[in-house]
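Below is one structure, written out as structure tokens; the observations come after it.
The values are calculated or read from the model by the stated rules, or taken from the named source; none is laboratory data. Model, not experiment: these values are computed from the prediction. Every residue, glycine as well, gets a Cβ built from its backbone with ideal geometry; the counts of neighbours run over all protein chains shown. To get the accessible areas, we keep the full protein, side chains included, count just its heavy atoms, and leave off ligands, DNA and RNA. Shrake-Rupley method; radii C 1.70, N 1.55, O 1.52, S 1.80 Å.
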Amino acid sequence: MNRRQTRFVALVAAMLGGCATPITGQQQQEQAMRDLANAPLCCRTLADAKRKPLPLEPHDAPVDSSSQAFTFNGMKSFFVLYELPAFRKPYSITITSIAKGTLKDAMLLIPRVATFDSTFHQIRYVDEKTLRNRGNNLERTLFINPEDAKERYVAIFGSDLSTSVDRAYSRETVAAVMGGVVIYGGEDGKTTVRTSPKGMLHIEVRDLGP
């Protein structure tokens, strides 16, 4: 194969790779529902669940098939469980659920939060009504104040709303053509955001130094 043929094969391979069909939010949602249905419960009580100390540095926490599953208020969910530090001063935990999928079809975990004392008696329960929109993402901040000093654990888990929401988007497009000419444009469209029992959380702790 000569050099020209080699370059042609490489170009075709690049074009085919760029045309690969991305996984849509609907496909991810359907798979996530199957995964949750097939997942065994981790334990009979949360006291037997695996947990880890609340990280003080910003971090991503996947909620997926590798996560534990438990029944919260009658609803089976994947979840993450953190042990809170002994209370010294007020601080906050910001939880962001990050949409996954394509620009036009995404899936999103709708996070709910519950806090527990040292014996795993539930103290607080926060549903999806207090979530804030951040584009296609969702965010909430949990404040730990002196009156919450007895809270020792926090569980973050998905809600099974089985719904979808359509949101408008606008984006700028940039295209380079022959001769170094750059063409600017834009498009308006619609994103379908589907709820899912799986997703990606980004967690940040504020006002609680090392």
Practice prompt. Compute, for residue 91, the solvent-accessible surface of its heavy atoms (probe 1.4 Å) with the complete set of protein chains present, and express it in square angstrom to the nearest 10.
Written response: 10
Discussion item. Per residue of the stretch 199-204, what does 6.51 cos²θ - 1.76 cosθ + 1.60 with θ = phi - 60° give for ³J(HN,Hα)? Whole Hz please, x for Gly and Pro, Karplus curve as stated.
Written reply: x, 10, 9, 10, 10, 10
Discussion item. Rounded, prolate or oblate for the stretch 39-145? Axes are the square roots of the Cα gyration tensor eigenvalues, ordered a ≥ b ≥ c, and the cut-off for rounded is a/c under 1.5.
Written reply: oblate
Response to the item:
For the stretch 37-48, Karplus-derived ³J(HN,Hα) couplings (6.51, -1.76, 1.60; θ = phi - 60°; whole Hz; x for glycine and proline) come out as 4, 8, 6, x, 6, 6, 5, 7, 9, 5, 4, 9
Discussion item. Using a 7 Å offset from the Cα along the Cα-to-Cβ direction at both residue 118 and residue 94, what is the distance between the two label points in nm, to one decimal?
Written reply: 3.2
Discussion item. So, R0 is 22 Å and r is the distance between the beta-carbons of residue 59 and residue 104; what FRET efficiency does that work out to, to 0.05?
Written reply: 0.15
Item to complete: Quick one: net charge around residue 199, please, counting Lys, Arg +1 and Asp, Glu -1 for every other residue with C-beta under 10 Å from its C-beta.
Response: +1
Response to the item:
The extension gain from residue 204 to residue 31, computed as 0.36 nm times the residue separation minus the Cα-Cα distance, is 59.4 nm
Worksheet item: Which of the lysines could a cross-linker bridge to residue 100, judged by Cα under 20 Å and excluding same-chain residues fewer than eight apart?
Response: 190, 198
Discussion item. Let me check something: with ligands and nucleic acids excluded, how do 50, 76, 100 order by accessible area (1.4 Å probe), largest to smallest?
Written reply: 50, 100, 76
